[in-house]
1. Over all alpha-carbon pairs of the stretch 30-142, lay out the pair-distance distribution in 10 Å bins, whole %, shortest bin first.
2. Report the rotationally averaged projected area of the stretch 95-185 based on its alpha-carbon convex hull, in square nanometres.
3. At 222 nm, what value in deg cm²/dmol follows for the chain if DSSP H runs of at least 4 each add -39500 (n - 2.57) and the sum is divided by all its residues, to the nearest 500?
4. State the Cα centre-to-centre distance between the stretch 154-229 and the stretch 65-100 in whole Å.
5. For the stretch 2-272, what is the convex hull volume of the alpha-carbon atoms per residue, in Å³?
6. I'd like the orientation of helix 205-220 relative to the chain: the angle between its Cα long axis and the longest Cα principal axis, in ° from 0 to 90, rounded to 10.
7. Calculate how steeply helix 168-185 sits against the longest principal axis of the alpha-carbon atoms of the chain, using the helix alpha-carbon long axis, and give the answer as 0 to 90 degrees to the nearest 10.
8. What dipole magnitude, in Debye to the nearest 20, does the stretch 2-272 give about its Cα centre under +1 on Lys/Arg Cβ and -1 on Asp/Glu Cβ?
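Read-outs throughout are calculated quantities, based only on the coordinates presented, and are distinct from any laboratory measurement. Keep in mind that this is a model prediction, so the values were computed, not measured. Ideal geometry is used to build each Cβ from the backbone, glycine not excepted, and the neighbour counts take in all protein chains shown.
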Amino acid sequence: MKATLTLILLALQAHALDYPHVTAEPQKTGWPLTTEERAYVVDKLEYERRPGRESNKHLPQLWPQVPTAGHFGGDSWLKLHEAHVKTVQANQGPLDVLLVGDSITIQWGDSWKKHFPELKAVNSGIGGDKTQNVLWRLDHGGVEGLQPKAIVLMIGNNNMFFTPETGVEAAAIGIEMCLKNLREKFPAAVIIVAKILPAYKPGNRFYEDIKKTNAALDSLKLDSDPKVKVLDLTSDFTNADGTLKKDFFTPDNIHLSPAGYAVYAERLQPLLALK
């Protein structure tokens with residue numbers, strides 16, 4: 001018990017970012033997880049751990065900006081995070097690029113190797129992740145010990161499933177919170193914040209909320225930090241009428257084809273001129 005308390009206290013001392021809500025989560029930061037934290041993450045579904053749930057309050061505007069572990073059923077999401085932690089532990093120290101995000105990030109795969117073969121990178125993407133899930137991973141061993149020169153953050157697509165409750169402004173603030181977390185941990189790194197890619201088609205609620213969330217990001221002026229660069233890929237992936245350029249997407253109209261990753265890589269190239 002004493003060792004567990006010491007671990008938690010050390011983790012809290014290492015973490016200075018203030019979140020707008022304190023949940024009932026037993027271990028707010030640090031790795032490895034305590035027995036209590038692991039049970040909290042694995043045994044409770046994600047909606048049971050949302051901000052406000054601990055006091056029977058409905059606070060959806062806070063969901064995107066307060067760390068919450070994901071949940072696919074049992075410990076399957078946690079196992080993906082654990083695999084990332086092992087990768088991070090195997091790549092301690094200097095690094096060219098840290099990739100942070102959801103399925104669009106993790107699916108870089110061979111496309112990253114093709115377009116950036118000279119860059120040492122760690123890919124920390126998990127399919128289905130929202131901003132709150134990324135925040136949790138960042139605070140629980142997901143990047144500890146890395147020293148990236150540059151970070152590429154693309155997150156927010158999966159938050160669109162919940163914008164009817166949270167609102168688009170909250171989703172944008174969640175992206176900003178991920179940026180703040182990364183800046184706190186890596187003050188010297190250049191951080192590229194890629195806006196949410198378009199999905200589906202004009203008129204679709206998901207498509208329109210992505211547009212609104214990206215517009216809300218503009219009002220947050222993320223690039224007022226000289227080491228932050230905001231990358232808007234919308235015009236690269238849409239036609240003049242707003243419809244998707246089909247060749248750049250897989251049939252689900254969300255994920256990218258190799259041609260789509262080639263365009264993404266072309267736009268990233270000048271921002272990752274690290275040498």
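1. Pairs per bin, as whole percents: 13, 42, 30, 12, 3, 0.
2. Details: hull surface 23.1 nm².
With every direction weighted equally, the projected area is 5.8 nm².
3. Working: 11 runs with 108 residues, N = 275.
One gets -11500 deg cm²/dmol as the mean residue ellipticity at 222 nm.
4. Between the Cα centre of the stretch 154-229 and that of the stretch 65-100, the gap is 20 Å.
5. Details: hull volume 34.4 nm³, N = 271.
Spelled out: Cα convex hull of the stretch 2-272, divided by residues, is 127 Å³.
6. Approximately 80 degrees, to the nearest 10.
7. Computed tilt is about 70 degrees.
8. On the way: 30 positive and 32 negative charges, 44 e Å.
Dipole of the stretch 2-272, to the nearest 20 debye: 200 debye.
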